[in-house]
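Here is the structure we will look at.
The values are calculated or read from the model by the stated rules, or taken from the named source; none is laboratory data. All values reported here derive from a predicted model rather than from experimental measurement. For neighbour counting, all protein chains shown are included, and Cβ atoms are generated from backbone atoms with ideal geometry for every residue, glycine included. The area values use the complete protein model at the heavy-atom level, side chains included, leaving out ligands, DNA and RNA. Shrake-Rupley method; radii C 1.70, N 1.55, O 1.52, S 1.80 Å.
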Amino acid sequence: MNRYLPVARQHFLSALASTSVVVKTISVVVVLLYLLSWAINTPYVLGVTPGYLFPPNFWVWTLVTHGVVEQHVWGVAASVGTVMACGRLLEPLWGALELLIFFTVVNVSAGLFAGLSYLFTYMATFDLDYLFAVQVNGVAGFLGGVLVALKQTMGDTTVLRVPQVRLKAAPALVLLLLALLRLSGLLDSSAPLAAYSYGALSGWVYLRFYQRHSRGRGDMSDHFAFASFFPEALQPAVGLLAGLIHSVLVKIKVCRKMVKRYDVGAPSSITISLPGTDPQDAERRRQLALKALNERLKKVEDQSAWPSMDDEEDDDEDEVRTDLQPLLSAASLSGGAASSGPVQHSESSIISFEDAPSRS
């Protein structure tokens, strides 16, 4: 184990050095706040406590800071790993500023909606533990948003081969895992489950309707619909329910309506932009095509670098046949001349026979 630690450390440092200032800053803040937690109760001061988030306290700064507060070493590793994965996979597509916006939107939304959920639970049960004994902090909310973003950009990537699990199923599988851990008692609080759920939901809403890119806003492609996060048997019912909710949100001006765009001024022919032909689809297909091309090129390079023994034997046989061919031709010509007598004269490109001049 000890011999692998320097290699892992070297890979970690090289990956961190190749990331942007945003990723480095978030990672450093997570580590510093973890070290500060040895002296100060940082989850209480910087984490979301529902009873202090709303009036009369208004600890609104916790909506920004709770996502970088960790209490355990494995939490720090998960937080830094998640941020670095964003720097390697999402930042080249979005840019550093868009990554920072996404980080802020997901964390603020996850903290706010988790706090509201516990407030409503207190109003239904009048249990003060839901207000003051619960603290929402850590990377769970941002992890949910990141998995949704990775489903959007590279959902067809295979995560596990046995059993075969694709990246598009990761958000639902992690949610199921957290629910099982909570039901089994391995998680002492439901805060990570609530933060993850609202982080994934807020990340999807932002990417679906509000994210700005070169072709406008959002991603209305079919592979990123809300029903696609559920098993195929449940997708029709979930799609119907999601459509009704979306219609209500459109009427109250929260979401925008999906519109078909027709470009009749195109020089070649009429181009139609429909849901399912979004630029995000094209970018996702381009990434998959590049990955497949790299794999094929690697296979070709491996085959050319190590020639087989059969090829060498074939080359040796060809050389032997080429060397023996002139001798065989000469032998056949001489034999033919001896048997044919003085009347027949055989010629070849290598040896020629001419009649000797007669003496007078």
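If we keep just the residues of the stretch 212-242 that are of a type outside the set (A, V, I, L, M, F, W, C), in a helix (DSSP H, G or I) and open to solvent by less than 80 Å² (accessible area, probe 1.4 Å), which is nearest to Ser197 (Cα to Cα)?
First, the residues of the stretch 212-242 that are of a type outside the set (A, V, I, L, M, F, W, C): 212-219, 221-223, 228, 231-232, 235-236, 239.
With the extra rule that they be in a helix (DSSP H, G or I), the set shrinks to 222-223, 228, 235-236, 239.
If we keep only those that are open to solvent by less than 80 Å² (accessible area, probe 1.4 Å) as well, we get 223, 228, 235, 239.
Working: His223: 20, Ser228: 16, Gln235: 19, Gly239: 19 Å.
Among those that are of a type outside the set (A, V, I, L, M, F, W, C), in a helix (DSSP H, G or I) and open to solvent by less than 80 Å² (accessible area, probe 1.4 Å), it is Ser228.
So, in the stretch 28-48, of the ones that are open to solvent by less than 60 Å² (accessible area, probe 1.4 Å) and part of a loop (DSSP other than H, G, I, E, B), which residue ends up farthest from Leu13 (Cα to Cα)? Residue satisfying both the conditions and the ranking: Gly47. The criterion of at least 3 residues that are among the aromatic types (Phe, Trp, Tyr) and free of Cβ contacts under 8 Å to residues at least 12 places away in the same chain is met by none of the helices (runs of 4 or more DSSP H) falling completely within the stretch 60-119.
Are any of the residues in the stretch 111-118 surrounded by fewer than 16 Cβ atoms within 10 Å (Cβ to Cβ) and not aromatic (Phe, Trp, Tyr)? Give the steps one after another, and end with the answer.
If we filter the stretch 111-118 for residues that are surrounded by fewer than 16 Cβ atoms within 10 Å (Cβ to Cβ), which is where we start, we get 116.
This time we only want the ones that are not aromatic (Phe, Trp, Tyr), so: 116.
Checked against the condition, which is being surrounded by fewer than 16 Cβ atoms within 10 Å (Cβ to Cβ) and not aromatic (Phe, Trp, Tyr), the stretch 111-118 yields at least one hit.
Total residues in the stretch 176-189 satisfying the condition of being without any contact (Cβ under 8 Å) to a residue 12 or more places away in the chain and buried (at least 16 other Cβ atoms within 10 Å of the Cβ): the figure is 1.
For the stretch 106-132, enumerate the residues that are among the aliphatic types (A, V, I, L, M) and under 13 Å from His66 (Cα atoms). First the steps, then the outcome.
Start the filter on the stretch 106-132 by keeping residues that are among the aliphatic types (A, V, I, L, M), which leaves 106, 108, 110, 112, 114, 116, 119, 123-124, 128, 131.
Listed by number, the residues that qualify are Val106, Val108, Ala110, Leu112, Ala114.
To keep it simple, each residue is scored yes or no on (1) modelled with pLDDT under 95; (2) assigned to a helix (DSSP H, G or I); (3) among the aromatic types (Phe, Trp, Tyr); (4) in contact with a helix residue (DSSP H, G or I) (Cβ under 6 Å, 6 or more places away or on another chain).
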residue	(1), (2), (3), (4)
Pro171	yes, yes, no, yes
Leu181	yes, yes, no, no
Leu187	yes, no, no, yes
Ser197	no, yes, no, no
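Which ones in the stretch 1-27 are crowded, with 18+ Cβ neighbours inside 10 Å and at pLDDT below 90?
Result: Thr19, single match.
Within the stretch 159-175, being open to solvent by 50 Å² or more (accessible area, probe 1.4 Å) and either in contact with a Cys (Cβ under 6 Å, 6 or more places away or on another chain) or closer than 25 Å to Trp94 by Cβ (or both) holds for Val159, Arg166, Lys168, Leu173, Leu175.
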